[in-house]
Amino acid sequence: MSGSSLDALIEALRRLPGIGVKSAQRMAFHLLQHDREGAQRLAQALQAASTSVRHCERCHTFTEAPVCGICLDPARDARQLCVVETPADQAALERTGSYRGLYFVLMGHLSPLDGVGTRDIGAHELLSRATDGVTEEVIIATNFTAEGEATGHVLAEALKARGLKVTRLARGVPIGSELEYVDLGTIAHALSDRR
């Protein structure tokens, strides 16, 4: 029934978060049976993104330019630096329209059991950026998971030791949640009520 190309497609789709064997099979069969044009567009978009999207040299979010549009925007408040775990978390904060400062994207969180330490999440780069003489407040907006809390605590202590004002998103965001999946109103309130 299935050839090696179909098996390879199913295995590739299984790499997506939350996609198991059955979901991957459904997607593969749908694309091949009902939407060959969509399959071609998906393949081309993935190829283009994987070759042209990189990390911003200043904040580490995804961009096609050396420095992203947010970092280059003169209307942004450079005195505030918001630290998030992923580009998806940054995008969630941006959609609220309630934050006008700059960002630093960690590209993950501390996870000693998985061998992920401060070097792996760019803590040194964050400390350099935050002590640039312009930043006055660092807003820790890591996720409210055990790993996010630990990451936020370690970074906050290091930043405070360098004399920076450090705030944390307020607890309006439910514990155990990830910013990417929290409703925008909750994120906006948490950001405005940060401490």
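A few notes on this one:
- Screening region 117-195 for helices (runs of 4 or more DSSP H) wholly inside it with 2 or more residues that are over 23 Å from Arg95 (Cβ atoms) and open to solvent by 10 Å² or more (accessible area, probe 1.4 Å) returns the ranges 123-130, 146-161.
- With respect to the conditions (1) open to solvent by 30 Å² or more (accessible area, probe 1.4 Å); (2) in a helix (DSSP H, G or I), Ala92 lacks only one, and its number is (1).
- Any hit, region 95-114, residues being open to solvent by 60 Å² or more (accessible area, probe 1.4 Å), among the hydrophobic types (A, V, I, L, M, F, W, C) and on the phi > 0 side of the Ramachandran plot: yes
- Residue identified as in contact with a helix residue (DSSP H, G or I) (Cβ under 6 Å, 6 or more places away or on another chain) and among the aliphatic types (A, V, I, L, M) among Ala45, Ala49, Ala24: Ala24
- Output for region 74-89, where each listed residue is among the hydrophobic types (A, V, I, L, M, F, W, C) and open to solvent by less than 20 Å² (accessible area, probe 1.4 Å): Leu81, Cys82, Val83, Val84
- Check on Phe62, more than 23 Å from Ala170 (Cβ to Cβ) and of a type outside the set (Gly, Ala, Ser): yes
- Checked against (1) on the phi > 0 side of the Ramachandran plot; (2) among the aliphatic types (A, V, I, L, M); (3) assigned to a strand (DSSP E or B), Leu81 passes all but a single condition, namely (1).
- Exclusive hit being without any contact (Cβ under 8 Å) to a residue 40 or more places away in the chain, more than 13 Å from Leu179 (Cα to Cα) and aliphatic (A, V, I, L, M), set Leu106, Leu127, Leu81: Leu127
- Beta carbons closer than 9 Å, at least 6 apart along the sequence or on distinct chains, pair a first residue in region 1-30 that is within 21 Å of Arg41 (Cα to Cα) and of a type outside the set (A, V, I, L, M) with a second that is open to solvent by 40 Å² or more (accessible area, probe 1.4 Å) and part of a helix (DSSP H, G or I) for Arg14/Val21; Ser23/Arg14.
The values are calculated or read from the model by the stated rules, or taken from the named source; none is laboratory data. Note that this is a predicted model, so its numbers are computed, not measured. As a convention, Cβ positions derive from the backbone with ideal geometry for all residues, glycine included, and neighbour counts pool all protein chains shown. Heavy atoms of the whole protein, side chains included, go into the accessibility calculation; ligands, DNA and RNA do not. Shrake-Rupley method; radii C 1.70, N 1.55, O 1.52, S 1.80 Å.
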